[in-house]
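No value in this document is a laboratory result; all are computed from the given coordinates. Just so we're clear, the structure is a prediction, and the values are computed from it rather than from any experiment. Neighbour counts run over all protein chains shown; Cβ positions are idealised from the backbone, glycine included.
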Amino acid sequence: METTKTKAPVFNARIDGNYGEFVLEPLERGFGVTLGNPLRRILLSSIPGTAVTSVYIEDVLHEFSTIPGVKEDAIQLILNLKELVVRFANPGTGPKTLTLRASGPKVIYARDLECPPDAEVVNPDQYIATLEEKGKLVMEIRVDEGVGYVPAEKHGIKDRISSIPVDALYSPVRRVAYQVEDTRLGQRTDLDKLTLRIWTNGAVSPMDALQQAVAILREQLGYFDQSPVMRVEPKSAPAPAPTASAPAAPAAAAPAPRGVGLTLDDLGLTTRVLHNLKEEGIESVESLLALSEKELRRVPGIGDRSLQEIKDCLAQHGLVMKD
């Protein structure tokens, strides 16, 4: 019986501002999920963008301060600034600083910020703060480039001693959804139709974001297209044949090093202790057992209670730390 050969898939796109809908069909059965799932993950995690990383507010020492003459406190003001979307004309040229110097009464929007020549605020109608009659607000806002989400305590970016670090969400892609449906081609009804929907913050278009994700996926898959490094395991010498007078005794297996095969996650440690150990590069139980109690106490965040927790969890697996 003659079968219908699948033709090259057709790619259709519909763009509406910061929303894009992309349809690829027909695909062989199973390739809808095979393509849709990795593209969604890359779009949400690996597309570079910009974000506010620190804020200097004149006469404000920390985020829990109130600001005289300003309706918002420092926390609410920073939350409003985190919604800023800034586009760099020349990516990769380093951080940019946006400034504000305003007096009340005045309602401040993102359009009131002074930007460097090679930076642009994409959402100028973003509300920032309200100044009262004698209110004054002087700020410097640092914007960096990056990928994904980096909490303030990890990046620790500060231009001044009194600057306030801000959690940075760099990704310009706000939401991604994909759907796989049945489609047909001639007599074939076992084909896939992939619909990919992308929402961005306006710093990049949905089409640009998709093209970047495809390039990243192509680059990663390309690593399998090179000649692999072959590893040949040496053959062990054959054991001597047993004599008639002395039957061969079964060979004793060499004891495996303690903790081999166990990960830190297998121990059941609390999240805080687990995080502190991994931050110091301790990823396995074997590497943990290689440390003495004195060495482990030097790990930031590991005190008496954390040390006792580690010892208790090891004991449940029949393991003991070095003296």
**Item:** R218-T99 pseudo-label distance in nm [points 7 Å out on the Cα-to-Cβ vector]
**Value:** 4.3
**Item:** Positive-end residue of P26, N123, L307, charge dipole of the chain with Cβ unit charges
**Value:** P26
**Prompt:** Considering the zone a paramagnetic label at T130 would reach in this model (a point 7 Å from Cα along the Cα-to-Cβ line), which residues of the range 101-119 have amide N under 17 Å from it?
**Reply:** 103-110
**Asked** About its Cα centre, how strong a charge dipole does the chain have in debye, to the nearest 20, once Lys and Arg get +1 and Asp and Glu get -1 at the Cβ?
**Response** 480
**Prompt:** With N residues in the range 264-315, what two-decimal value do you get for its Cα radius of gyration over 2.2 N^0.38 Å?
**Reply:** 0.96
**Message:** Run the reach check for K311 against aspartates and glutamates, Cα to Cα strictly under 16 Å, same-chain hits fewer than 8 apart removed. What comes back?
**Reply:** D265, D266, E286, E293, E295, D323
**Fill in**
GNM on the chain, Cα springs under 10 Å; top mean-square fluctuation among R297, R218, R87 goes to R297
**Complete:** Output ordering of 276-286, 18-28 (per-residue mean of other Cβ within 10 Å, highest first) is 18-28, 276-286
**Asked** Stretched out fully, how many nm does the piece from R160 to R188 gain, at 0.36 nm a residue minus the Cα gap?
**Response** 3.5 nm
**Asked** Here are some values of semi-axes √(5λ) of the Cα gyration tensor in Å: (i) 50, 39, 16; (ii) 35, 23, 19; (iii) 28, 25, 19. Which one was computed from this structure?
**Response** (i)
**Fill in**
Expected unfolding gain across F11-T271 under the 0.36 nm per residue rule, minus the alpha-carbon gap, is 89.1 nm
**Item:** Sum of -39500 (n - 2.57) over DSSP H runs of 4+, divided by residues of the chain (222 nm, nearest 500)
**Value:** -7000 deg cm²/dmol
**Asked** Within straight cross-link reach of K193, meaning Cα distance under 12 Å, which aspartates and glutamates are found once same-chain residues fewer than 8 apart are removed?
**Response** E25, E28, E181, D182
**Complete:** Computed from the beta carbon distance with a Förster radius of 41 Å, FRET efficiency for D208 and A290 to the nearest 0.05 stands at 0.30
**Message:** For a Förster distance of 22 Å, can you work out the FRET efficiency between the beta-carbons of W199 and N37, rounded to the nearest 0.05?
**Reply:** 0.80
**Tilt relative to the chain, helix 206-222 - C-alpha long axis, 0 to 90 degrees, to 10** = 20
**Message:** Rounded to whole Å, give me the distance from the Cα center of the range 191-229 to that of the range 119-144.
**Reply:** 35
**Request:** Anything over 28 Å Cα to Cα? Flag those among K96/K154; K82/K136; K134/K154, in the order listed.
**Result:** K134/K154
**Message:** Starting from the 7 Å offset along Cα-to-Cβ, what nm value, one decimal, do you get for the label separation of Q316 and K82?
**Reply:** 3.3
**Prompt:** Using the eigenvalues of the Cα gyration tensor, what equivalent ellipsoid semi-axes result for the range 1-140 when each is taken as the square root of five times the eigenvalue, whole Å, largest first?
**Reply:** 47, 15, 14
